[in-house]
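To start, the structure itself, in C-alpha cells.
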Amino acid sequence: MRLLNFFRGETFARGVHPPQHKETAELPIRRLPFAPRLIVPLSQHVGRPARPLVQVGQEVVRGEPIAAAEGFISVPHHAPASGVIEAIRLHPTADGLWAESIIIRVHAASSQEVLWSRPRDLTQLDAEGLIHAVQDTGIVGLGGGVFPTHAKLRVPKQTVIDTLVVNGCECEPYLTSDYRIMVEHADDLVAGVRIARQLLGGPRAIIGVEDNKPAAVAAIKSLLPDDGSIRVEAVPTKYPQGAGEMLIKTLTGREVPPDSRSYQVGAYVQNVATLAGMGRLMPRGEGFIERVITVVGTAVERPGNYLVPLGTPLRFLLDYVGARDESIEVIFGGPMMGQAIASLDAPIIKGVAGILVFRGRDLPTQQTRKTYPCIKCGECIESCPMGLNPSTLGMLAVKREYESMADRYRLGACFECGSCTYVCPANIPLVQHFRIAKSVLRGRAS
Amino acid sequence: MSAPSVELRSGPHIKGTRSVEQIMRHVVYSLLPICAFFIYQYGLSALASLIAVTAACLATERFFVGLGGQSGSLRDYSAVITGLLLALTLPPGFPMWMGAVAGFSAIALGKAIFGGIGHNIFNPALVGRAFVQAAFPTAIATYTPSFLSDRFVSFIPSTLAMPFMTPVDAAVWLHAEHLDALAGATPLARWKFEGVTAGAWDLLTSLSGHMAVGPAPGLILLCGIYLGVRRFLDWRIPIAIIGSACLTASGLYAWNPDHFPNPLFMLLSGGLVLGALYMATDMVTSPVTPRGMWLYGGVIGLLTVGIRYYGGLPEGVMYAILIGNAATPLIERITQPTAFGTVVKRKEKAS
C-alpha cells in the first residue's frame, strides 16, 4: 500500500483503508419533511449557549432568529420551520445529557420557503463586518468540530495565512453528504471559498477531495476562476485524510508541530459543507436552519442524503427512513469517529454529517471477538497518522500509568481517529483506553 | 413502531478483519510446505519428530490453559507454530521422547510461565531447543544424511529410542547403511571442523546428495515471502538479518578469503534462513517499532556470523535470536517512532 501511495503522490504517512461503503454516493439530496415538533438546543456548538429571543406561545416564521449569540464564541439559532414556541425547557440531547432547548410546534402547512432574511452586499463589508455576517448565519464547523466558524476566521494578528485548505475529503466510510454538496452545490462552495479568502487576506485556496470522488472534482473544476487562486486537488483516498493536519500535510507538505494550531504553519482548514453553507446563506442573509445528512446503515430501508431541518427528532427521521429493528445502534457521524446515541428523542443538530443505523446483529466483531494481550505485531504503529506508539500507550494504559503516556509517549497528540483500534488483531480497545487516560489526566489537571 | 432497544458502544464502530488467530493460522499454512519437504528429505523419522514435538506442545498448552490464567488457548494456533518450528530445528533422527521434552519445555518454560501468548520474552521454540541442547548435547548434534533410499519404510533408529535410554550410536547405523560416518555431519560442522564448504546451489535447494541439512532455504524463502507479501510477518526483520549477516560475512571474506568461507555459504547453511524468516520474526518477542526491527535484525545477523566464526559451536542462529529477544525492550526504548510534526520538513511542496 505504501508503494501504491508512492506512485499516487505525496500524502501523510501511515493511516488505514477501511471498506468505503459509499452506497449513498449517487443518491441526490432530498428534503426531509418537517417533524410535528422541532427541538432546537441552545448549545449546538463549542462556546457559550445562545440566549433565547422568543417567549412561549410566540409565533415564529421559518428562518427567524430565535436565540442570539451570547458573546463572541457563540452563535445564534434560527427557527427551522414556522410554528409556535411550545416550550423552552430541558430536553435529551445526543451526548446523553439534557440541555435547554427551544421546542417549536410546527404549523401543519409550514412552507419550505425561508420567510425571514437580511440580505447584505458582502463587497461593502470590512473584515469585521464580514465576520459578524458569518456569525449571523449561525454556522459552525460542520465537519463535526462545531466550533463557531466566524471565531475561527478571526485568526490572531500578525498571522499570515497563505493557504486556505478546503476539506472535501470525507474520509469516513459511509458518509456522502459532503460529496453531494460538492456535486450539487459546487457554486455555493466556490462562493464560500471566495468569502473566506476575502476574510483571510486572499490566500491561495486548495480544495482537497479524495480521489474516489472524481465527479466532485469535475463539478468544482468547472466553476473555478482562471487566475489559479482557487484550485481543486484529488488526494489519495486514505483514512484519516480528512483530519485537518493530515490534509495540510498532503496539500502543502507542512506538518503542524505538536501543541500548535494550523495557522502557525500558514494554513487555515475549513470543511466544504461549512463553506458551501457560508456561500449560500451569507449573500441572502439567511440563517443556518437545515443541513445535508447521510442516513445509511444495515437497519435503514431508504438510505439517502437528506436535507434535514435542524431540530428534527431522531425518532422522526428513523421512522421516515424506515429504520426498524429490535435492537439498533445509532451513530452520529462516521463509523470511525462517530458517537453512539443513547436517546432516540435527541434532536439533530448542526454538527451531524451522517446518521448510521446498524442492526444489533450486524455490528462489527469487536465485541464478539476475543481480546488478546498485545502480540506486538506493530499494525497500530503502521496505522497511526500522528506517528505515535499505540502499542506501548495501550500497555501503559492498562497499568494506569497515564502520566507516562502523556509525558513520554505524546498521548496529547492523539486525536482519536481510531485507526489503531480498527487494525488491532488482538482486539485491544486502544483508543477507548486513550480517551479514558485523557479524561483522567484532564481531571487531575483541573 | 415499538421502541427499539438502543445499543451503545464507543467508537470506532467498525473493525478490520485481521485477528491473532488469522495471523497464526497463516503462519501454520506457510509452514506446511516446509514440513512436507522435511518429510520428503528424511521420511518416517521426520514425520514422527514433527508429530511428537507438536503434540507435546499442544498437550502442554492444553494443560496450562486448563490450569487457568493463560492469555491464549489452543484455538490461536500459536502452539502449533511453536511445535512445527521446533521440530524443524531438531535433527530428523532426534529421539521422539526427547522431542516431547523439547516441546514441553518450549511451551512451559518459553511461554506458559510468563502467562501465555503476548507475555513471553523469548521465542518459545528456541527456548525448547536451547533446553534440549543443554540436556541432550549428543543427540542434538547427531545429524543423519537426507534422501536415504529406505527413509519411507524404516525409521532412523534413534527416533525410536526408549525414554531415558541412550540412543543407538549413529555411526554404527550409518556403517550398516554403507555410508561414511562423516556423511552425518551438517555442512556447517564440516566447515567448522574440516574446513570443507558446500556449494551455494546445493545448499539453496538441499536436493543433491545426502547432505545432512534441514528443509531447503530456497523453499523457506518462498514461504516467507508469501507471509511477507500478505503482511503476516514484518519483512524488515529478515531483510535486516540476512543483510547484516551478508555484510559481515562479505567483509570478513574480503579481508581474508582463505580463512573465512564464501558469504553465500554463510547465508544458506545452517538455520539462518529459517531463523531469519520464522524465528526472529515472532511478533511477541521482536521489537514493535519499525526502526527497532532494523536494529534488532542487524544485531542478530552480526551475532550469528560472529558466533559461527569465533564460537565453539558451528551454529549461532539460536543464541543470536535469543540475545536479540532479550535486547528487544531496550531496542524499543531507543527506537520510538517519530511523532507527526516533530521533524522540520526539508522540502516544501511547490504550488
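Each value in this text was obtained by applying a stated rule to the coordinates, not by laboratory testing. In this text, all values refer to a predicted model and were calculated from it rather than measured experimentally. Cβ atoms come from the backbone with ideal geometry, glycine included; neighbour counts cover every protein chain shown.
Its Cα gyration tensor gives segment B:79-204 an equivalent ellipsoid. The semi-axes, each the square root of 5 times an eigenvalue, are 29, 18, 13 Å from largest down. With an 8 Å Cα cut-off and a minimum separation of 6 or more residues, compute the relative contact order for chain B in percent. With pairs under 8 Å counted, the relative contact order is 15 percent.
Taken over segment A:379-445, the percentage of Cα pairs per 5 Å bin, counting from 0 up to the bin with the maximum distance, is 4, 20, 35, 25, 12, 3, 1. Pairs of Cα atoms nearer than 8 Å and 6+ residues apart set the relative contact order; for chain A it is 19 percent. Label-to-label distance, B:Glu7 versus A:Trp98, with points set 7 angstrom from Cα along the beta-carbon direction: 2.9 nm.
3J(HN,Hα) along segment B:306-322: x, 5, 4, 6, 10, x, x, 9, x, 10, x, 4, 4, 5, 4, 5, 4 Hz, from the Karplus curve 6.51 cos²θ - 1.76 cosθ + 1.60 with θ = phi - 60°, whole Hz, x for Gly and Pro. Counting only DSSP H runs of at least 4 residues, each contributing -39500 (n - 2.57), and dividing by the residue count of the protein assembly as shown, the helix-based mean residue ellipticity at 222 nm comes to -12000 deg cm²/dmol.
Note that segment B:189-202 has calculated 3J(HN,Hα) couplings of 5, 5, 5, 5, 9, 10, x, 9, 10, 8, x, 5, 5, 4 Hz, one per residue in order, obtained from phi through the Karplus relation 6.51 cos²θ - 1.76 cosθ + 1.60 (θ = phi - 60°); glycine and proline are x. When only the Cβ of Lys, Arg, Asp and Glu is charged (+1, +1, -1, -1), the dipole of segment A:379-445 relative to its Cα centre reaches about 300 debye. Normalised by 2.2 N^0.38 Å, with N the number of residues, the alpha-carbon radius of gyration of segment A:222-357 equals 1.27. In this structure the amide hydrogen of A:Arg324, modeled in the peptide plane, comes within under 5 Å of the amide hydrogens of A:Glu301, none closer than 5 places in sequence on its chain.
Of the peptides A:254-267, B:318-331, B:189-202, the order by per-residue mean of other Cβ atoms within 10 Å, starting with the highest, comes out as B:318-331, A:254-267, B:189-202. Our Cα-only numbers for chain B put the radius of gyration and Dmax at 22.3, 88 Å. Rounding to the nearest 20 debye, state how big the charge dipole of the protein assembly as shown is about its Cα centre with +1 on each Lys and Arg Cβ and -1 on each Asp and Glu Cβ. Roughly 920 debye for the protein assembly as shown. Return the whole-Å distance between the Cα centroid of segment B:26-45 and the Cα centroid of segment A:173-237. Computed from Cα coordinates, the inter-centre distance equals 57 Å. Using a cut-off of under 16 Å, list every residue of segment A:16-33 whose amide N is near the label point 7 Å from the Cα of A:Asp211 along the Cα-to-beta-carbon line. It comes to A:16-17, nothing else.
Taking the fewest neighbouring Cβ atoms within 10 Å as the starting point, the ordered list for A:Arg118, B:Arg236 is A:Arg118, B:Arg236.
Using alpha carbons only, the radius of gyration of the protein assembly as shown set against its Kirkwood radius gives Rg/Rh = 1.10.
Projecting the Cα atoms of A:Thr298, A:Gln241, A:Gly228 onto the charge dipole of segment A:216-360, computed from C-beta unit charges around the Cα centre, puts A:Gly228 farthest toward the positive end. Computed from phi, the 3J(HN,Hα) profile of segment A:28-33 under the Karplus parametrisation 6.51, -1.76, 1.60 (θ = phi - 60°) reads x, 5, 10, 6, 8, x Hz, with x in place of Gly and Pro. Cross-link pairs exceeding 27 Å between alpha carbons, from the set A:Lys238/B:Lys111; A:Lys22/A:Lys376; A:Lys376/B:Lys192; A:Lys399/B:Lys111; A:Lys376/A:Lys438; A:Lys152/A:Lys399: A:Lys238/B:Lys111; A:Lys22/A:Lys376; A:Lys376/B:Lys192; A:Lys152/A:Lys399. Here the scattering of segment B:1-108 is modelled by Debye summation over its C-alpha atoms, one equal scatterer each and no solvent; at q = 0.15, 0.18, 0.19 Å⁻¹ the log10 of I(q)/I(0) is -0.67, -0.87, -0.93. Just so you know, the averaged projected area of the alpha carbon convex hull for segment A:312-400 sits at 8.1 nm².
If one computes P(r) from the Cα atoms of chain A, what percent of pairs lie at distances over 29 Å? That fraction is 48 percent. For the pair A:Arg361 and B:Ala134, label points projected 7 Å from Cα toward Cβ lie 5.6 nm apart.
In this structure, the amide hydrogen of A:Ala67, modeled 1.01 Å from its nitrogen in the peptide plane, lies closer than 5 angstrom to those of A:Leu53, A:His77, counting only residues at least 5 positions away or on a different chain.
The spacing between segment A:257-299 and segment A:370-419, judged by their C-alpha centroids, is 30 Å. Can you classify segment A:289-446 as rounded, prolate or oblate using the Cα gyration tensor, where a ≥ b ≥ c are the square roots of its eigenvalues, rounded means a/c under 1.5, and otherwise it's prolate if a/b beats b/c and oblate if not? Prolate, because a/c is 1.5 or more and a/b exceeds b/c. Residues whose amide H lies under 5 Å from that of A:Ala205, counting only those 5 or more places away or on a different chain, are A:Leu164, A:Ile230, A:Arg231; hydrogens are built 1.01 Å from N in the peptide plane. Cβ-to-Cβ counts within 10 Å put B:Glu315, A:Glu64, A:Glu403 in ascending order as A:Glu403, A:Glu64, B:Glu315, the fewest first. By how many degrees, between 0 and 90 and to the nearest 10, does the Cα long axis of helix B:96-110 differ from the longest principal axis of chain B? The answer is roughly 30 degrees.
Overall form of segment A:152-265: oblate. Here a/c, set by the Cα gyration tensor axes a ≥ b ≥ c, is 1.5 or more, and a/b is not larger than b/c.
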